[in-house]
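Participant: Quick one: structure below, then a few questions.
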Amino acid sequence: MALLSKKDSKLILDPLADNNPITIQVLGICSALAITAQLKASIVMSISVIFVMGVGNIVISLMRNIIPSKIRIIVQLVVVATLVIIVDQVLKAFSYQLSKELGAFIGLIITNCIIMGRFEAFALGNGVWRSFLDGIGNALGYGVILIIVGFFRELLGSGTLLGFPVLGDPIAKSGVYSIGYENNGFMLLAPMALIVVGIIIWVQRSRNKALIEEN
Amino acid sequence: MEHLELFFKSIFVDNMVFATFLGMCSYLAVSKKVSTAVGLGAAVIFVLTVTVPINWLLDQYILQEGALTWLGAEYADYDLSFLSFILFIATIATMVQLVEIVVERFSPALYNSLGIFLPLIAVNCAILGGSLFMQSREIESFALALNYGFSSGIGWFLAILAIAAIREKIRYSNVPAPLRGLGITFIITGLMAIGFMSFGGMLTGGDDAAKEESDSAAQVEKVIEKETETAQAAVSDKTE
């Protein structure tokens, strides 16, 4: 981390754990949960959000002195919408199948509260380089949770990771299936995403007592 | 019938919060008290009912492939659907501003009760989600789009009302310390979502629906048979 000063590296590392956008700041849950049934979709979503947040924070930070504060929400939405259209078109061009699977949820990055939240809280008041780091850091924190949830849901739900069978073949009864293990199809259903995130919050807060809420 | 089906489907089966996780941020942040939850829920119903039909018109007459034919035959093969995100969100943002101004002018009481929630709604995923799902589900008519917006809003309203009521009660329970607040809310929402999945069997489309109809027809026939039997029995009782 010789490249970054101590203060700057804090901007990236903080959101990864103790100031995580999903589990602590409660931002960006909307699009996070619905697409985590597979690890691949989670990774693509994380990369898209990292791109949109990094570039978006730079743009907003550059314009922060010329945006009239009354219409700043519309300006922010236009910036994000433009970036998301780029992501959407790139996905459609290079990975049409995945873009179909993610469907409306790529579009919903626009209203992902994490992006607006960081624009409002950070990029409007800080310089370009620091805003960029903050954007990348928060998007990484978001991505970490997404990937953890996606990992467990795909592993326990369908016994695969990124589409490769890692636990053996459920039909031929090889690998762990030979001792009677079954896939938990329940993990693939939407409600389990919420419960997995709930458990992540539980684990995180029991390790760091300072994060426990009053009520 | 079509309207009724869409109405119940958007409220229960495809509930915005429990089936698609839309609007989760404000759902979690503003559900600490029932009174504020009701305010936000009402605002969401209102804005969805306004924006989904407008975006439907935009989609039909500007964005879709071939939608520009009303301008002239040479525009027939334009496909502007890649612009839909930016156009939808612009509509939503401007509509929210407009609605705010109109409500403030004509109904200060409603304005005061919606309060700060109206401007926040522009960035609520449920609103943009409503329009995007309207587009991807290819809703056919303006009236259906209006219905879809309104009923999804009601679904969201129900969800936030329920969780706010539960959170008010849970304050008196002994929740494990690390789960307090956010954690337990997540888990409760998950359990509620599992509960809402049971509505999935309420309306089934396509082949299943046709099968059910024939099943119910068979049942009706059976009932009629039974009735005639009992009637015959009654008649024979009387003659005896």
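The values are calculated or read from the model by the stated rules, or taken from the named source; none is laboratory data. Model, not experiment: these values are computed from the prediction. Ideal geometry is used to build each Cβ from the backbone, glycine not excepted, and the neighbour counts take in all protein chains shown. Note: accessible area is taken over every heavy atom of the protein model, side chains too, but ligands, DNA and RNA are not part of it. Shrake-Rupley method; radii C 1.70, N 1.55, O 1.52, S 1.80 Å.
Participant: Take the stretch A:11-29 and flag every residue that is assigned to a loop (DSSP other than H, G, I, E, B) and closer than 10 Å to A:I114 by Cβ. Quick ask: steps written out before the conclusion?
Facilitator: Let us first name the residues in the stretch A:11-29 that are assigned to a loop (DSSP other than H, G, I, E, B), namely A:17-29.
Correct list: A:P21, A:I22, A:Q25, A:V26, A:L27, A:G28, A:I29.
Participant: On to the next question. Listed residues A:I110, A:I114; which is in contact with a Leu (Cβ under 7 Å, 6 or more places away or on another chain) and closer than 30 Å to A:I212 by Cα?
Facilitator: The unique qualifying residue is A:I114.
Participant: A follow-up question, please. Looking at this structure, is A:I85 within 11 Å of chain B (Cβ to nearest Cβ), surrounded by fewer than 22 Cβ atoms within 10 Å (Cβ to Cβ) and more than 29 Å from A:P165 (Cα to Cα)?
Facilitator: Judged against the criteria, A:I85 is a match.
Participant: Take B:L48 and decide whether it is under 25 Å from A:I35 (Cα atoms) and crowded, with 20+ Cβ neighbours inside 10 Å.
Facilitator: yes
Participant: Just a yes or no: is a residue in the stretch A:96-110 farther than 25 Å from B:E138 by Cβ and among the polar types (S, T, N, Q)?
Facilitator: No, that holds for no residue.
Participant: Out of all the residues in the stretch A:88-114, which are of a type in the set (S, T, Y) and open to solvent by less than 20 Å² (accessible area, probe 1.4 Å)? Full working, then the answer.
Facilitator: Filtering the stretch A:88-114 for residues of a type in the set (S, T, Y) gives A:95-96, A:99, A:111.
Matches in the stretch A:88-114: A:S99, A:T111.
Participant: Same structure again: Identify, please: which residue in the stretch B:164-190 is part of a helix (DSSP H, G or I), within 7 Å of chain A (Cβ to nearest Cβ) and open to solvent by 20 Å² or more (accessible area, probe 1.4 Å) and is, among those, nearest to A:I22 (Cα to Cα)? Write out each step before concluding.
Facilitator: We begin by selecting, within the stretch B:164-190, every residue part of a helix (DSSP H, G or I); these are B:164-170, B:177-179, B:182-190.
From what's left, within 7 Å of chain A (Cβ to nearest Cβ): B:177-179, B:182-183, B:186-187, B:189-190.
Subsequent filtering for residues that are open to solvent by 20 Å² or more (accessible area, probe 1.4 Å) retains B:177, B:187.
Details: B:A177: 19, B:I187: 15 Å.
Ranking the qualifying residues of the stretch B:164-190, first place goes to B:I187.
Participant: Kindly indicate whether any position in the stretch A:189-208 is away from every other protein chain (no Cβ under 14 Å) and either open to solvent by less than 10 Å² (accessible area, probe 1.4 Å) or more than 25 Å from B:G129 (Cβ to Cβ) (or both).
Facilitator: No: the stretch A:189-208 contains no residue that is away from every other protein chain (no Cβ under 14 Å) and either open to solvent by less than 10 Å² (accessible area, probe 1.4 Å) or more than 25 Å from B:G129 (Cβ to Cβ) (or both).
Participant: Could I ask something else about it? Where residues in the stretch A:107-160 are outside any helix (DSSP H, G or I) and within 14 Å of another protein chain (Cβ to nearest Cβ), which of them is farthest from B:L87 (Cα to Cα)? If you could, list the steps in order and put the result at the bottom.
Facilitator: Restricting attention to the stretch A:107-160, the residues satisfying the condition of being outside any helix (DSSP H, G or I) are A:108-112, A:124-127, A:159-160.
Imposing the further condition that a residue be within 14 Å of another protein chain (Cβ to nearest Cβ) reduces the set to A:108-112.
Numbers: A:L108: 14, A:I109: 15, A:I110: 12, A:T111: 14, A:N112: 17 Å.
This residue is A:N112.
Participant: I need the full set of residues from the stretch B:65-110 which are away from chain A (no Cβ under 14 Å), over 30 Å from A:I86 (Cβ atoms), of a type in the set (V, I, T) and open to solvent by 20 Å² or more (accessible area, probe 1.4 Å), in order please.
Facilitator: B:V102
Participant: Let me ask something additional. Within the stretch A:161-188, restricting attention to residues that are within 21 Å of A:I47 (Cβ to Cβ) and part of a strand (DSSP E or B), which residue is least open to solvent (accessible area, probe 1.4 Å)?
Facilitator: A:L161
Participant: Being on the phi < 0 side of the Ramachandran plot and free of Cβ contacts under 8 Å to residues at least 24 places away in the same chain: is that true of B:S84 here? Steps first, answer last, please.
Facilitator: On the way: on the phi < 0 side of the Ramachandran plot: yes; free of Cβ contacts under 8 Å to residues at least 24 places away in the same chain: no.
Spelling it out, it is not the case that B:S84 is on the phi < 0 side of the Ramachandran plot and free of Cβ contacts under 8 Å to residues at least 24 places away in the same chain.
Participant: Would it be correct to say that B:S10 is in contact (Cβ under 8 Å) with a residue 24 or more places away in the chain, more than 21 Å from B:V123 (Cβ to Cβ), open to solvent by less than 10 Å² (accessible area, probe 1.4 Å) and of a type in the set (S, T, Y)?
Facilitator: yes
Participant: Could you identify the single residue in B:S151, B:S131 that is part of a helix (DSSP H, G or I) and at pLDDT 90 or above?
Facilitator: Among B:S151, B:S131, only B:S151 is part of a helix (DSSP H, G or I) and at pLDDT 90 or above.
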